[in-house]
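Student: Take this structure first; my questions come after.
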Amino acid sequence: MKNKEILLGPLSKNNPVIVQVLGICSALAVTSKLEPSIVMAISVIAVVALANVVISLLRNTIPNSIRIIVQLVVVAALVIIVDQVLKAFAYDVSKQLSVFVGLIITNCIVMGRLEAFALSHGPWESFLDGIGNGIGYGLILVIVGFFRELLGSGTLLGFQVIPQALYDMGYANNGLMILPPMALIVVACIIWVHRSHNTELQEK
Amino acid sequence: MESLNLFIKSIFIDNMIFAYFLGMCSYLAVSKTVKTSMGLGLAVTFVLTITVPINYLLENYILKPGALSWLGEGFANVDLSFLSLILFIAVVASMVQLVEMVVEKYSPSLYASLGIFLPLIAVNCAILGGSLFMQQRAFDSVGTATVYGFGSGIGWLLAIVGIAAIREKLAYSNVPAPLKGIGITFIITGLMGIAFMSFLGIKL
């Protein structure tokens, strides 16, 4: 497989969230605002890419029977680093993300890519695969976060974008968009749009 | 009375799936029939009920700042809380392994019916999430932590059995092609989430 395909495939045709249906938990829970979505996306990109490289370097020395534990330990160590960095440089966001930074350990994207790709490919390809899948995941997070913050609070990254004049004319923020269940429905809409353009992905 | 309140609260108000989206991956993948989802739900409940109290003890006697003071004066200032993620996931992984071996030895029929889902529980975010929420909420005794773990498990079981029952009926309905399968499941989960939000008003 070409390196370009490895890097760009997960952005649309093979997107980890809406096609492979991995890593949904965190994709939904942190997206009520745009800022935590972006921070979460960057953290996951870093963890997936580095974990892929580490496991790919170790792949010939890991005994098959204990590979899950080895993978979990590698991922957990990386997540601890990310967690400490966030606490040091972005404390407010780290508080908002609460347990979801820790839950990157059990994010199915990380484990899924390690199992499906890093165990059978070299470090450079694994790195590209990790970056690609991380970005594919981040893309969905940012889209969901964008719409939920725009429609739910009328702001983006905390700045007011919907003009006051619109509110004077009777426009109101849709408070429902901030509630957790709406994340699922926004993702469902993304799936709907995506699959009507890519008919080969539709389920029978 | 306190425990009963916490139990009901963790089932309905703080439902793992509808309020926090934890364990979505297996929730979406396994909820095709009621029978298998029942088996997985019971296994998740069981593992949560064991791991939350164990991690509670680890947290309070080893990890918390000053928790090691039972070893002597010199240890009173040790803060190992940065190790909590790696220790929690190790406990979860080894507990799942243990449960798997015990079930295989004493009840081969149950083992056969659960199949692949048993080892997969190790990477179910609901399990690690239970331990992380326990850490965040700082329960006052190991009993309370057990009740919380059990209640969260029952809540997860309720959610997955509910969606499986709806999906079995959904096979006969006429869904737009791009939404078939995963898309409509997202929307239904969202609607169920909104329904569960009505429990938020209950003060316990």
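The values are calculated or read from the model by the stated rules, or taken from the named source; none is laboratory data. Please read these numbers as outputs of a predicted model, since none were measured by experiment. Here the Cβ is made from the backbone with ideal geometry for all residues, glycine too, and neighbour counts use every protein chain on show. For accessibility, only protein heavy atoms count, side chains too; no ligands or nucleic acids. Shrake-Rupley method; radii C 1.70, N 1.55, O 1.52, S 1.80 Å.
Student: Give a residue-ordered list of calculated ³J(HN,Hα) values for the stretch B:126-135 (Karplus: 6.51 cos²θ - 1.76 cosθ + 1.60, θ = phi - 60°; whole Hz; x for Gly, Pro).
Tutor: So the J values, rounded to whole Hz, are 4, 5, 5, x, x, 5, 5, 5, 4, 5.
Student: Leaving ligands, DNA and RNA out of it, work out the accessible area of A:Val142 with a 1.4 Å probe and give it in Å² to the nearest 10.
Tutor: 50 Å²
Student: Which value, in Å² and to the nearest 10, is the accessible area of B:Ser109 when all protein chains are kept and the probe is 1.4 Å?
Tutor: 90 Å²
Student: Continuing with this model, one more query. Only Cα pairs under 8 Å and at least 6 apart count here; give the relative contact order of chain A as a rounded whole percent.
Tutor: The value is 35 percent.
Student: Ok, one more. So, with +1 on the Cβ of K and R and -1 on the Cβ of D and E, and no other charges, what is the size of the charge dipole of the protein assembly as shown about its Cα centre, to the nearest 20 debye?
Tutor: Numbers: 22 positive and 20 negative charges, 164 e Å.
For this selection, approximately 780 debye.
Student: With no solvent and one point per C-alpha, what does the Debye sum give as log10 I(q)/I(0) for chain A at q = 0.13, 0.14, 0.19 Å⁻¹?
Tutor: Computed log10 I(q)/I(0) values: -0.74, -0.84, -1.30.
Student: Using only Cα atoms, locate the centre of the stretch A:85-158 and the centre of the stretch A:1-50, then give the distance between them in Å, rounded to an integer.
Tutor: Between the Cα centre of the stretch A:85-158 and that of the stretch A:1-50, the gap is 6 Å.
Student: Could you tell me how far the Cα centroid of the stretch B:150-204 sits from the Cα centroid of the stretch B:41-120, in Å?
Tutor: 29 Å
Student: Under 19 Å from the Cα of A:Lys87, which aspartates and glutamates turn up, not counting those fewer than eight places away in the same chain?
Tutor: A:Glu35, B:Asp79
Student: What distance in nm lies between label points placed 7 Å from Cα along the C-beta direction at B:Arg137 and A:Ser12?
Tutor: 4.4 nm
Student: Set the bar at 22 Å for Cα to Cα. Now go through A:Lys4/A:Lys33; B:Lys32/B:Lys180; A:Lys33/B:Lys64 and name every pair that lies beyond it.
Tutor: Details: A:Lys4/A:Lys33 32 Å; B:Lys32/B:Lys180 13 Å; A:Lys33/B:Lys64 31 Å.
In this structure, A:Lys4/A:Lys33; A:Lys33/B:Lys64 exceed 22 Å between Cα atoms.
Student: Would you check the accessible area of B:Ile202, probe 1.4 Å, heavy atoms only, in square angstrom rounded to 10?
Tutor: 80 Å²
Student: Taking amide H atoms as placed 1.01 Å from N in the peptide plane, list the residues 5 or more away in sequence, or in a different chain, whose amide H sits under 5 Å from that of A:Leu156.
Tutor: The answer is A:Val161.
Student: Check cross-link reach from B:Lys35 to the lysines: straight Cα distance under 19 Å, and skip same-chain residues fewer than eight apart.
Tutor: B:Lys169
Student: By accessible area of protein heavy atoms, probe 1.4 Å, what ranking do A:Lys4, A:Lys33 get, highest first?
Tutor: Numbers: A:Lys4 150, A:Lys33 70 Å².
Output order, biggest surface exposure first: A:Lys4, A:Lys33.
Student: Give me, ordered by chain and number, the residues 5 or more places off A:Val17 or on other chains with an amide H under 5 Å from its own placed amide H.
Tutor: Those lying under 5 Å, H to H, from A:Val17 are A:Leu22.
Student: Compute the accessible area per residue over the stretch A:2-192, keeping the other protein chains in place, probe 1.4 Å, unit Å². List each step's numbers first, then the result.
Tutor: Values: 8080 Å² over 191 residues.
On a per-residue basis, the stretch A:2-192 sits at 42 Å².
Student: Compare A:Lys2, B:Lys180, B:Lys32 by solvent-accessible area with a 1.4 Å probe and give them largest first, with all protein chains kept in place. Provide the component values of the computation, followed by the final result.
Tutor: Numbers: A:Lys2 150, B:Lys180 65, B:Lys32 125 Å².
The residues order as A:Lys2, B:Lys32, B:Lys180, largest area first.
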